[in-house]
1. What pairs can you find where one residue is in the stretch 223-245 and free of Cβ contacts under 8 Å to residues at least 24 places away in the same chain, the other is loosely packed, with under 14 Cβ neighbours inside 10 Å and part of a helix (DSSP H, G or I), and their Cβ atoms are less than 8 Å apart, with a gap of 6+ or different chains?
2. Working carefully through the options Pro217, Pro200, find the one that is under 16 Å from Ala87 (Cβ atoms) and open to solvent by less than 80 Å² (accessible area, probe 1.4 Å).
3. When you look at Ala168, is it part of a helix (DSSP H, G or I), of a type in the set (A, V, I, L, M, F, W, C) and at pLDDT below 95, yes or no?
4. Among (1) assigned to a helix (DSSP H, G or I); (2) touching a residue at least 60 places away in the same chain (Cβ under 8 Å), which single condition is Phe152 missing?
5. Quick one: is Gly16 surrounded by 11 or more Cβ atoms within 10 Å (Cβ to Cβ) and either modelled with pLDDT of 95 or more or not basic (Lys, Arg) (or both)?
6. Of all helices (runs of 4 or more DSSP H) completely enclosed by the stretch 182-241, which ones contain at least 1 residues that are aromatic (Phe, Trp, Tyr) and either closer than 22 Å to Ala74 by Cα or in contact with a Leu (Cβ under 6 Å, 6 or more places away or on another chain) (or both)?
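The values are calculated or read from the model by the stated rules, or taken from the named source; none is laboratory data. On a predicted model such as this, the values are computed, not experimentally measured, just so you know. Note that we place each Cβ from the backbone using ideal geometry, even for glycine, and neighbour counts take in every protein chain shown. To get the accessible areas, we keep the full protein, side chains included, count just its heavy atoms, and leave off ligands, DNA and RNA. Shrake-Rupley method; radii C 1.70, N 1.55, O 1.52, S 1.80 Å.
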Amino acid sequence: MTVAAALAPPTAAPRGTRSRSAGLRGALAAEWTKLVSLRSTWYLLLGAAVLTGVIASAAGVLTHDPAASPGDPAVIAELNGLGLVLAALAMLSVTGEYATGSVRTSLLCVPRRGRLLAAKTLLLSAVTFVAGLVCGLLAVVCGALTLEESTFDAATVCGQVFLVGTHAALLSVMTVGLAAVVRRSAGTVTALFGLLFLVPMALDVLPGGDVLVDLLPAGASEALALGGNGTYGRSVALLLLVGWALAAVAAGTAVLRRRDA
């Protein structure tokens, strides 16, 4: 590289790139304003914290394993309620707008529907990830206070707390996609519970159905929490959950672009 080239001012980004970036930032700011202005957001976050404390404390009392980690109750809380509460927050960010009709205003402000759903997805994934981390730390404290015996390892505990936040974020992203497809809270709850619980139960009784169950979000969630399920390990489980989340958002984007508000 010549001296002249090194001293030359950086080339400005193309106007279209700047416009898309500014548009996404504006959409994110609008989604943030809507999210924090709803009382249901704070009720759900408070409910997530309370539920985490109850489940983690119960798990600590019922666990009598000297090798148990204080982070184990955090993982148990995530798989047994915390993730669903945070997913409800993601669901209401979409279905609430359809219920009140405010989705029309959102689409007037952000005409590009893919950008609107992308903003919701990015914001909800960040919020639920942070909320998952906070609840995970709360569960670790509850576990440390209620476990009869435990083995504390900082790396293990930090990994478990990070796992809680990651799983909560991916489940919320998948819920955003489902909500964009279904558009109604009751229907989204039914679809989510069916995908997480009913379909695995139905497949589990079929010959070879356990292989299919392992490929569903429920099987991948369990493998992610436990470090594997005999078929694949934690890294594959994470990829499967990411795939399910992206597929749900892609389906939601396609439906949002084709249907009227």
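1. From residues that are free of Cβ contacts under 8 Å to residues at least 24 places away in the same chain, the pairs are Thr231/Val211.
2. On the way: Pro200 fails: under 16 Å from Ala87 (Cβ atoms).
Answer to the selection: Pro217.
3. On the way: part of a helix (DSSP H, G or I): yes; of a type in the set (A, V, I, L, M, F, W, C): yes; at pLDDT below 95: no.
No; evaluated as a whole, the condition is false for this residue.
4. The one condition Phe152 does not meet is (1).
5. Numbers: surrounded by 11 or more Cβ atoms within 10 Å (Cβ to Cβ): no; either modelled with pLDDT of 95 or more or not basic (Lys, Arg) (or both): yes.
When the stated conditions are applied, Gly16 does not pass them.
6. On the way: elements: 185-193, 199-204, 209-215, 217-226.
Of the helices (runs of 4 or more DSSP H) lying wholly inside the stretch 182-241, those with at least 1 residues that are aromatic (Phe, Trp, Tyr) and either closer than 22 Å to Ala74 by Cα or in contact with a Leu (Cβ under 6 Å, 6 or more places away or on another chain) (or both) span 185-193.
Okay, residues lined up against (1) open to solvent by 20 Å² or more (accessible area, probe 1.4 Å); (2) touching a Phe, Trp or Tyr at 6+ places or on another chain (Cβ under 7 Å); (3) of a type outside the set (S, T, N, Q); (4) touching a residue at least 60 places away in the same chain (Cβ under 8 Å):
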residue: Ser172; (1), (2), (3), (4): no, no, no, yes
residue: Ser185; (1), (2), (3), (4): yes, no, no, yes
residue: Leu192; (1), (2), (3), (4): no, no, yes, yes
residue: Ser221; (1), (2), (3), (4): no, no, no, yes
